[in-house]
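**Q** Dumping the structure here so I can ask a few things about it.
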Amino acid sequence: MFDDLQKRLSGAFGRFRVRGVLTEQNIQDGLREVRTALLEADVNLNVVQDFIAKVKQRAVGEQIIKSIRPDQQIVKIVHDELVALMGETDATIRFEKTGPTILMLCGLQGSGKTTTCGKLARMLALQGRKPMLVAADLQRPAAVEQLKTLGQQLAIPVHAETGVGPVQVCQNGVAAAAKAGCDTVILDTAGRLHIDDELMEELKTIEKKVKPHHVFFVCDAMTGQDAVASAKAFNEALELDGVILTKLDGDARGGAALSIRQVTGVPIKFMGIGEKLDKLSPFDPRRIAGSILGMGDIVGLVEAA
Amino acid sequence: MASWIERLKAGLAKTAKLLDVRSWLGRTVDQSFLERLEAQLLQADVGVKATERLLQKVKEGFEGKTADEDLLAFVKAELINLLTPAGGAPEAIRYAPTPPTTLLIAGVNGSGKTTSVAKLTHRIRSEGKSLVLAACDTFRAAAADQLAVWAQRTGADLVRGQTGADPASVAHDACDRALARKADVLMVDTAGRLHTQTHLMRELEKIRNVLQRKIPNAPHEVFLVLDGTAGQNAIRQAEMFSKSIGCTGIILTKLDGTAKGGVAVAIRQTLDLPVRFIGVGEGIDDLQPFRAEEFVASLFGERLAASPN
Ligand SMILES: Nc1nc2c(ncn2[C@@H]2O[C@H](COP(=O)(O)OP(=O)(O)OP(=O)(O)O)[C@@H](O)[C@H]2O)c(=O)[nH]1
Ligand SMILES: Nc1nc2c(ncn2[C@@H]2O[C@H](COP(=O)(O)OP(=O)(O)OP(=O)(O)O)[C@@H](O)[C@H]2O)c(=O)[nH]1
Ligand SMILES: [Mg+2]
Ligand SMILES: [Mg+2]
């Protein structure tokens, strides 16, 4: 299904020979193929449209480098623009000088929040921090057990309690962390829909009362056109500091990443590339750009030309 | 609590706005009309191929004409057609002549398998049937605990193994239990896995083989649980899971959000795999049989006929 973009492009350009310079007319078919590739990679339609307009603007008038074909040149332009759109992101987390630094993870159901809490805790512990996990999902059956199990595997303390609400659990968790000498608190919240007013309100209350220093939106890389709708709503409610994109170990092409970055302006910080707790990496825009286009080594080729 | 139709409609309300078909009426079916229709279908995750096919048909039949009720009916019928499998979709679970009817549930990580197992259990239990659940996710932290909570709430019998145990051996034990207890139904929850992970797909085949060996003609139903917010990647999921374990239907979850689940149309373009149930919430009652007519009607923001469910 995911044909290599370059293959398609060479088909599109094969129909007429492009010589010398790219013009609006001779790149028309090529851009159509680019559009399809982006849509099949789940890039949001509005983002696709803006993007195509931009690429067209840049491409028209560009001299064709002698040693490469026009389809290769277009791919290079598209690739560079994609990377630029996603931006180089800084995956470091700023820590507070005094008192524990609080991170809060939020997102839709099943996106990978709890697992990512574990991954972050592990990563930070390896950097010499002393994290504590807080189990604030009191909704999903055995969510607390899940986080406790991860804590056990990592030998990282988990704050969990019953009989109080999630806001209180977070507040108590921060206090418990300070008391235990932990310098980092990671809040695992329940999955929720961005249109669930009651639960969105609950998140806002946690933010108000606990004042997390970093709020991360955890997003499933396999999400389709709707990805931006939820990201936008979470960003409006909470002013997100970063996005963590999960499940990139499969063949999802990551169009959601591009769309979210473009629509919200929130940087993508990390990516999840497996279920295991060591499978978290800093976000790599080049990798995503490559997989969105479903292409191989063309960029290197063009850069060398 | 709102009825499921209300909830589904609430969830699909954005879709209704998206496919704002009433506003089509009276406009000329020209290039800009077709472009708008195209945008609407793409944004519902219907995918480039299925969208192009539909557009082509609309163009052939209506170009230059004024959009009227006929056009609406045509687009609707095409979508329904795209969502209905060759032989017509069976509505409910197909029970085997000799129990236990065996259901295998699979899908990628976090799509809603365990919750769907719980919802199906509730449905089957309310038909007065007895049920054994197999917790074959021995990998994810507290996965069996999660299913145990649901088993208790729904009054099902649960077979589980140690963390890290071979899931096929749990399936094996569950078959024995279901046979010994003369249970009406055996339902197997499996760990989430990406369709690209060959070793995990093989593990799934092994579970299937155990069921096949222990119970005649099992598994009788193999449901692929797809996240309704998923995009075009779901097509690959459907292809790969079907190839590996022979799916008999899809459960499309999380339709209570703003996602349209249009990828079901795209999947139907490539595979003859019907959507059997839809998930419209996290609660035990939030599962309903899929009916193409109702689904498309709600995509169009139309009133749904009263449903027996
Ligand atoms: N393949 C893969 N699976 C992942 C990744 N991150 C999380 N998962 C899996 O996705 C599923 C859901 O993960 P959870 O961490 O439970 O998700 P959640 O967002 O906490 O879910 P809720 O609390 O129910 O909303 C689990 O099966 C995880 O193992 C990833 O990067 N790759
Ligand atoms: N809003 C909504 N949430 C759902 C629906 N179905 C499941 N969920 C939620 O999605 C999250 C993941 O559901 P699970 O049933 O644990 O998913 P799973 O496929 O078993 O996950 P893994 O076993 O980790 O791969 C949970 O928070 C569920 O409550 C649905 O129809 N609507
Ligand atoms: Mg969780
Ligand atoms: Mg599960």
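What follows is calculated from the coordinates using simple rules that are stated; it is not laboratory data. Since the structure is predicted, the reported quantities are computational estimates derived from the model, not experimental observations. For neighbour counting, all protein chains shown are included, and Cβ atoms are generated from backbone atoms with ideal geometry for every residue, glycine included.
**Q** Which loop trypsin sites (Lys or Arg not before Pro) in the stretch A:69-115, with loop taken from DSSP, have no more than 16 other Cβ atoms within 10 angstrom of their Cβ?
**A** Counting only loop positions with at most 16 other Cβ atoms within 10 Å, the trypsin sites (Lys or Arg not before Pro) in the stretch A:69-115 are A:R94, A:K97.
**Q** Further, regarding this structure: Relative to the first principal axis of the alpha-carbon coordinates of chain B, what is the inclination of helix B:167-180, with its axis defined by its Cα atoms, in degrees from 0 to 90 and to the nearest 10?
**A** For B:167-180 against chain B, the angle is about 80 degrees.
**Q** Restricting attention to the stretch B:162-204, which trypsin sites (Lys or Arg not before Pro) occupy a DSSP loop and are surrounded by at most 14 other Cβ atoms within 10 Å? Don't jump to the answer; show the numbers that get you there.
**A** Values: sites: B:R177, B:R181, B:K182, B:R193, B:R202; in loops: B:R181, B:K182, B:R193.
Taking the stretch B:162-204 and a limit of 14 other Cβ atoms within 10 Å, the loop trypsin sites (Lys or Arg not before Pro) found are B:R181, B:K182.
**Q** Grab the beta carbon distance between A:Q57 and A:N172, set R0 = 56 Å, and tell me the FRET efficiency rounded to 0.05. Kindly include the intermediate steps, with their values, before the conclusion.
**A** Working: r = 54 Å, r/R0 = 0.97.
After rounding to 0.05, the efficiency reads 0.55.
**Q** Once you put a point 7 Å from the Cα of B:A86 and another 7 Å from the Cα of B:A73, both along the Cβ direction, what distance in nm separates them?
**A** A separation of 2.9 nm, rounded to one decimal place.
**Q** Rounded, prolate or oblate: which fits the protein assembly as shown when a ≥ b ≥ c are the square roots of the eigenvalues of the alpha-carbon gyration tensor, with rounded for a/c under 1.5 and prolate only if a/b beats b/c?
**A** Since a/c reaches 1.5 but b/c is at least a/b, the shape of the protein assembly as shown is classed as oblate.
**Q** So in the protein assembly as shown, what percent of DSSP beta bridges are antiparallel if you round to the nearest 5?
**A** The antiparallel fraction comes to roughly 15 percent.
**Q** What number, rounded to the nearest 500 deg cm²/dmol, is the helix-based mean residue ellipticity at 222 nm of chain A, given -39500 (n - 2.57) per DSSP H run of at least four residues and division by all its residues?
**A** Numbers: 12 runs with 148 residues, N = 305.
Helix-only estimate at 222 nm: -15000 deg cm²/dmol.
**Q** Measure off 7 Å from each Cα along the Cα-to-Cβ vector at B:N217 and B:E127, then give the distance between these two points in nanometres to one decimal.
**A** 1.4
**Q** What is the dipole size for chain A, taken about its Cα centre, with +1 at each Lys and Arg Cβ and -1 at each Asp and Glu Cβ, in debye to the nearest 20?
**A** Once rounded to the nearest 20, the dipole reads 660 debye.
**Q** Please give the helix A:113-126 orientation as an angle from the longest Cα principal axis of chain A, in degrees from 0 to 90, rounded to the nearest 10.
**A** 80
**Q** Counting other Cβ atoms within 10 Å, which GluC sites (Glu not before Pro) in the stretch A:198-284 have at most 10 and lie in a DSSP loop?
**A** A:E239
**Q** Something else about it: Measure nothing but the geometry: give the 0 to 90° angle between the long axis through the Cα atoms of A:255-264 and the longest principal axis through the Cα atoms of chain A, rounded to 10°.
**A** Computed tilt is about 70 degrees.
**Q** While we're on this one: Return the FRET efficiency for the residue pair B:A39, A:Q28: r is the Cβ-Cβ distance, R0 is 25 Å, and the value is rounded to the nearest 0.05.
**A** 0.85
**Q** Springs between alpha-carbon pairs under 10 angstrom, Gaussian network model over chain B: which of B:G128, B:G279, B:G110 fluctuates most?
**A** Comparing B:G128, B:G279, B:G110 in the GNM, the peak value goes to B:G128.
**Q** Could you give the Stokes-Einstein D for the stretch A:108-249 in µm² per second, using the C-alpha Kirkwood radius, 37 °C, 0.692 mPa s?
**A** 214
**Q** Among A:V134, A:V60, A:V83, whose mean-square fluctuation peaks in a Gaussian network model of chain A (Cα, cutoff 10 Å)?
**A** Maximum fluctuation in the GNM of chain A, among the listed residues, is at A:V60.
**Q** Shifting gears a bit: Might you report the magnitude of the Cβ-based charge dipole of the stretch B:193-268 about its Cα centre, with Lys and Arg at +1 and Asp and Glu at -1, to the nearest 20 debye?
**A** Using Cβ point charges on Lys, Arg, Asp and Glu, the stretch B:193-268 gives about 220 debye.
**Q** Something else about it: Starting from the Cα gyration tensor of the stretch B:147-217, take the square roots of the eigenvalues, sort them a ≥ b ≥ c, and report rounded, prolate or oblate (rounded when a/c is under 1.5, otherwise prolate if a/b is larger than b/c, else oblate).
**A** oblate
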